[in-house]
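*Asks:* Handing you this structure, nothing more for now.
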Amino acid sequence: MKALLKGVAQRLVAALAVMFGAATIAFIALQLIPGDPVATLLGPQSSATAAVRRQITLQYGFNQPVAVQYLHYLNRLVHGDLGQSYQLQRPVASLISEQLGPTAQLALAALVLAVVIALVSAVATAGRRPALRAVAVTWELIAVSSPSYWVGILLLTAFSFQLQIFPVAGAQDFSALVLPAFTLALPIAGVLAQVLREGLEAALAEPFIVTARARGLSQNAVRLRHALRHASVPLLTLTGWLTGSLLGGAVLVEAVFGRPGIGALTLQAVTSKDMPLVIGLVLLSAFVFVAISTILDLLYLVIDPRLRAA
Amino acid sequence: MPYRPAKRSQMNPISNNPTTLSHAGPGAPSGPSSSQRASALPLSHLSRRGFGGLAGLALLTPLLDACGASTSPAETSAKPVSGGSVSYAVDTEPVTFDIHVASQDITGEICRNVFDSLIAEDTNGEFHPWLATAWEYAPDLSSYTFTLRQDVKFSDGTPFDANAVKVNFDRIAAPSTKSQLASSLLGPYTGTEVVDQYTAKVTFSEAYAPFLQAVSTAYLGFYSPKTIAANSATLGSGGPVDVGTGPFTFTSYTKGQSVVLTKNPDYDWAPATSAHTGPAYLDQLTIRFLSEDSVRVGALTSGQVALARAIPPVNIKALAANPGFTVAHRSDPGGVYNIVFNAAKAPLDDINVRKAIQRGINIDLDVKTVYFGQYDRAWSPLSPSTPDYDPSLENAWPYDAALADQLLDTAGWTGRDSQGYRTKNGQRLVIDWPILPPAYITDQRDILGQAIQADLKSIGIQVNRPQPDIGDYITEIYGGQTNFIDFTWARFEPDVLWLFFNSASNPANGGQNGTFISDAQLNQWTNTGRTTLDAATRKTVYDEVQKRVVLDLALVTPIYVPETIIGVANSVHGLTFDPNAWTLFYDVWSG
């Protein structure tokens, strides 16, 4: 238990370092984007007067040296202040917390769906009849290679425009979650199913499976209780990694389905070079990745007793 | 964005009765050359509808009259019914809902339902009473006095009075508000004097002719002084803090999803330009943000929204053939989609090359192909729905590849290199035409650009289309480093010609003159146009400008006329448009 706590403490220190690094890299990246920051901020549609431009420049300190801007920025971060979005004129923290809910909901639903679909597809077909297996592998391949944008439109056309089972867009209730969650889940389910099947088939070839069968366990019991447990360590690693990528995938899905969320916010922030907002979002993603990998490390211990002893 | 003088000759210099006509005469002082002050930044590729006309209410032009394409039985003579709700899908989401800060069209279009103006402009450019029952102005146009209605209340109960006018205008003018459009609409504002509770006198440091037009836009609308005092910093976030006097109240805003507006039951001060009086018919109006074209159209055809704007040309035919819907077309006033030639830079400093390009692009075919026959090709830099459009340009410069070749020979580009491009003194004939980053491209102009590229290749001109970052794009375009500049500039006013062609509108000083040259005639005519209130004079000078820039000097190639295209379910009645072709929901009813 002590070792566990120590591990968690080390993780936390590493997490802070990662987030500091992420914030710094985001800051540098935004500085490298060419063009006058005020012009970029206002976009190609503005008719702001020179006085307004000056006001914006002064207020956001664009006239100061980059190093000074960076230090100011770090200083605020250390004090827990994410600052104010340049373009939306609202506190970054409140923007993110307001938009996080729908995205978290979407990502979580997609994750659960993906894992369930992958489990069913892989467990049912691993090492079984070649025809069935080929069908499963084919759909997985299609799911992995289809752009989520296209899948989204396809699902919308079928289930919203034609059959009218689900609403076209929004985040108002559960029914509005179904199509976007499927859209986001399908490619992930495809990847997970393929990895899981491979692991299962490897496990099923192990001698202990024969032993278990010899003890009188049914084929399904062997699969679910023994083989699956063996195959799930790589699955877990991959799931963790893909969960982080759900945030990125949400950009497209949220745009297609007209859902509020972090994805849409990120797109807007990057396009308008809205520094505080971009950095707030980068910090959020860094945090999510760090949190997931920490949770994964703990889960490995639960699944694989050998790791506990070490 | 520059100002124009208040536009119609019908404007009465001194009159309490807005319908009385009198003429200011040619000696009327000019509006400030506000572009110097207004420094409209970047070229508006996203159709910029400024000041020109958000305001005015279409004089009750019912939707279906307005749209010749309509095939639908929707508009019955049925009596309007109150109640019900309507959803309207739009393609862009406002960055801010603070009308005093915003510069986006969409903010004005949505907020028009929540905020009223002192006066209303109709589609003929005439002004009508709204929150002001009468107005007069000093002979030198340096002050305007408005007599206000006495029965108007903000939806939080605060009475609307002269003090509210002062508080709002002062807020717009304050640099801390960081107003991107409204402050430029206010021009050389010096202050508002509360003469008595219901009389407000707005003063300027110099003559300011365009003020009546400006004050009729939603951007110079009025927040309750109470909400300005309490929530000035958060008005941009939308929701119930945005308290106005309008026919709807701002119930909620879910970022990335929708805006909900609710009927203001106490509303009883509609402008004379509306079809009815009293509260709006609709109980609720929901605006949905659906940026994906196919999703927006699908939401409309599956009945999940009742109206959708920006129907893509590819979908129009099918939608119009669907008996459940009509498609309303309105051509946007102001500057059409123009390719402006940088005549200060080789090779377009040669008029023969410019003319060759004008005649060498098969505009009819390109526009027809890319937009499925739904958009009209343009003949003038002004849209046909703009006052003082010159129809004599139509068919005056048709496609003629042979003539284009001949002109290029005359210009000395007689050589040909291995790839078939023309050369002169060993130099290839190359045009530099940067393209906007994808996020800013509208109307598939990148595809249209490919067609134009192909046309010009066939007469031996190479067109390069690099796609820089938006920051670099703005720098290059405004620095005159490119050969072509393409943009639209929607505005219910021929004064956009000043913006495009007057040398005072120099991009280096924040103007929009993409020709980068100074032509004495064009300067004189466009200055005259913005400083006179005489309709005949304005017509003459603006016709001359259009002929000179297209035919005589070949400074611009007008390509197509952008349109506002709205798909409407048959259950929706009474939709009207303001002079800028923006929707108005006050008279809309559902049934």
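The values are calculated or read from the model by the stated rules, or taken from the named source; none is laboratory data. All values derive from a computational prediction rather than experimental measurement. In this analysis, Cβ positions are derived from the backbone assuming ideal geometry, glycine residues included, and neighbour counts consider all displayed protein chains.
*Asks:* Kindly list the number of the only condition in (1) within 14 Å of chain B (Cβ to nearest Cβ); (2) touching a residue at least 40 places away in the same chain (Cβ under 8 Å); (3) of a type outside the set (Lys, Arg); (4) out of contact with any Phe, Trp or Tyr (no Cβ under 8 Å at 6 or more places or on another chain) that fails for A:Phe161.
*Replies:* (2) is the only condition that A:Phe161 fails.
*Asks:* Follow-up. Restricting attention to the range B:268-296, and to residues there that are more than 9 Å from chain A (Cβ to nearest Cβ) and closer than 30 Å to A:Val151 by Cβ, which single residue is surrounded by the fewest Cβ atoms within 10 Å (Cβ to Cβ)?
*Replies:* B:Asp293
*Asks:* It is to be established whether one or more residues within the range A:105-120 are within 20 Å of the chain's Cα centre (by Cα), in a helix (DSSP H, G or I), within 12 Å of another protein chain (Cβ to nearest Cβ) and in contact (Cβ under 8 Å) with a residue 12 or more places away in the chain.
*Replies:* Yes; the residues of the range A:105-120 include at least one that is within 20 Å of the chain's Cα centre (by Cα), in a helix (DSSP H, G or I), within 12 Å of another protein chain (Cβ to nearest Cβ) and in contact (Cβ under 8 Å) with a residue 12 or more places away in the chain.
*Asks:* Condition check: at pLDDT below 95, among the hydrophobic types (A, V, I, L, M, F, W, C) and under 30 Å from B:Ser571 (Cβ atoms). Does B:Leu282 satisfy that?
*Replies:* Working: at pLDDT below 95: no; among the hydrophobic types (A, V, I, L, M, F, W, C): yes; under 30 Å from B:Ser571 (Cβ atoms): yes.
When the stated conditions are applied, B:Leu282 does not pass them.
*Asks:* What's the number of the condition B:Gly471 fails, among (1) loosely packed, with under 15 Cβ neighbours inside 10 Å; (2) modelled with pLDDT under 90; (3) of a type in the set (Gly, Ala, Ser)?
*Replies:* The failed condition is (1).
*Asks:* So how many residues does the range B:283-297 have that are in contact with an Asp or Glu (Cβ under 9 Å, 6 or more places away or on another chain) and free of Cβ contacts under 8 Å to residues at least 40 places away in the same chain?
*Replies:* 1
*Asks:* Moving to a separate point now. Only one of B:Gly460, B:Gly480, B:Gly420 is surrounded by 23 or more Cβ atoms within 10 Å (Cβ to Cβ) and away from chain A (no Cβ under 13 Å). Can you tell me which?
*Replies:* Numbers: B:Gly480 fails: surrounded by 23 or more Cβ atoms within 10 Å (Cβ to Cβ); B:Gly420 fails: surrounded by 23 or more Cβ atoms within 10 Å (Cβ to Cβ).
After applying the criteria, what remains is B:Gly460.
*Asks:* In addition: Sort out which residues of the range B:221-243 are within 14 Å of chain A (Cβ to nearest Cβ) and of a type in the set (A, V, I, L, M, F, W, C), and write them in order of number.
*Replies:* Matches in the range B:221-243: B:Ala233, B:Leu235, B:Val241.
*Asks:* Here's a follow-up. Name the residues in the range B:184-194 that are under 22 Å from B:Ala229 (Cα atoms) and in contact with a strand residue (DSSP E or B) (Cβ under 8 Å, 6 or more places away or on another chain), would you? Break it down into steps so the answer makes sense when it comes.
*Replies:* Applying the first criterion (under 22 Å from B:Ala229 (Cα atoms)) to the range B:184-194 yields B:186, B:189-194.
Within the range B:184-194, B:Tyr189, B:Thr190, B:Gly191, B:Thr192, B:Glu193, B:Val194 qualify.
*Asks:* Being closer than 15 Å to B:Phe341 by Cα, within 14 Å of chain A (Cβ to nearest Cβ) and touching a residue at least 24 places away in the same chain (Cβ under 8 Å), is that true of even one residue in the range B:443-450?
*Replies:* Within the range B:443-450, none of the residues are closer than 15 Å to B:Phe341 by Cα, within 14 Å of chain A (Cβ to nearest Cβ) and touching a residue at least 24 places away in the same chain (Cβ under 8 Å).
*Asks:* Among the candidates A:Gly7, A:Gly80, A:Gly35, A:Gly21, which residue alone is of a type outside the set (Ser, Thr, Tyr), within 11 Å of chain B (Cβ to nearest Cβ) and either under 30 Å from A:Thr237 (Cβ atoms) or part of a loop (DSSP other than H, G, I, E, B) (or both)?
*Replies:* A:Gly35
*Asks:* Would you mention how many residues in the range B:414-433 are closer than 18 Å to B:Ile474 by Cα and at pLDDT below 95?
*Replies:* Counting residues in the range B:414-433 that are closer than 18 Å to B:Ile474 by Cα and at pLDDT below 95 gives 0.
*Asks:* Of the residues that make up the range A:134-149, is at least one farther than 16 Å from A:Ala193 by Cα, within 12 Å of another protein chain (Cβ to nearest Cβ) and modelled with pLDDT under 90?
*Replies:* yes
Each row is one residue, and each column tells you yes or no for (1) outside any helix (DSSP H, G or I); (2) touching a residue at least 24 places away in the same chain (Cβ under 8 Å); (3) under 29 Å from A:Leu41 (Cβ atoms); (4) of a type in the set (Lys, Arg).
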| residue | (1), (2), (3), (4) |
| --- | --- |
| A:Leu252 | no, yes, yes, no |
| A:Pro260 | yes, yes, yes, no |
| A:Leu265 | no, yes, yes, no |
| A:Val270 | no, no, yes, no |
| A:Pro276 | no, yes, yes, no |
| A:Ile279 | no, yes, yes, no |
| A:Leu284 | no, yes, yes, no |
| A:Ile292 | no, yes, no, no |
| A:Leu296 | no, yes, no, no |
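*Asks:* Another one. Look through A:Leu77, A:Leu42, A:Leu12, A:Leu106 and report the one residue that is closer than 25 Å to A:Gly244 by Cβ and at pLDDT below 80.
*Replies:* Selected residue: A:Leu12, the only one of A:Leu77, A:Leu42, A:Leu12, A:Leu106 that is closer than 25 Å to A:Gly244 by Cβ and at pLDDT below 80.
*Asks:* In the range B:423-449, how many residues are surrounded by 16 or more Cβ atoms within 10 Å (Cβ to Cβ), out of contact with any Pro (no Cβ under 7 Å at 6 or more places or on another chain) and part of a helix (DSSP H, G or I)?
*Replies:* The total comes to 3.
*Asks:* Still on this structure, please answer the following. Taking the range B:343-362 only, how many residues are in contact with a strand residue (DSSP E or B) (Cβ under 6 Å, 6 or more places away or on another chain) and assigned to a loop (DSSP other than H, G, I, E, B)?
*Replies:* 1
*Asks:* Does A:Ile96 fit the bill of being of a type outside the set (Lys, Arg) and more than 14 Å from every other protein chain (Cβ to nearest Cβ)? Can you show your working first?
*Replies:* Numbers: of a type outside the set (Lys, Arg): yes; more than 14 Å from every other protein chain (Cβ to nearest Cβ): no.
No.
*Asks:* Just to check your reading of the model, which residue among B:Leu141, B:Leu131 is at positive phi and surrounded by 18 or more Cβ atoms within 10 Å (Cβ to Cβ)? Before you say what the answer is, go through the steps one by one.
*Replies:* Values: B:Leu131 fails: at positive phi.
The match here is B:Leu141.
*Asks:* Give me the pairs: first residue in the range A:68-91 and farther than 24 Å from B:Thr177 by Cβ and of a type in the set (Ser, Thr, Tyr), second residue modelled with pLDDT under 85 and not in a helix (DSSP H, G or I), beta-carbon distance under 9 Å, and six or more apart or on different chains, which are they?
*Replies:* Here the result reads A:Tyr73/A:Gly83, each pair linking the range A:68-91 to a residue that is modelled with pLDDT under 85 and not in a helix (DSSP H, G or I).
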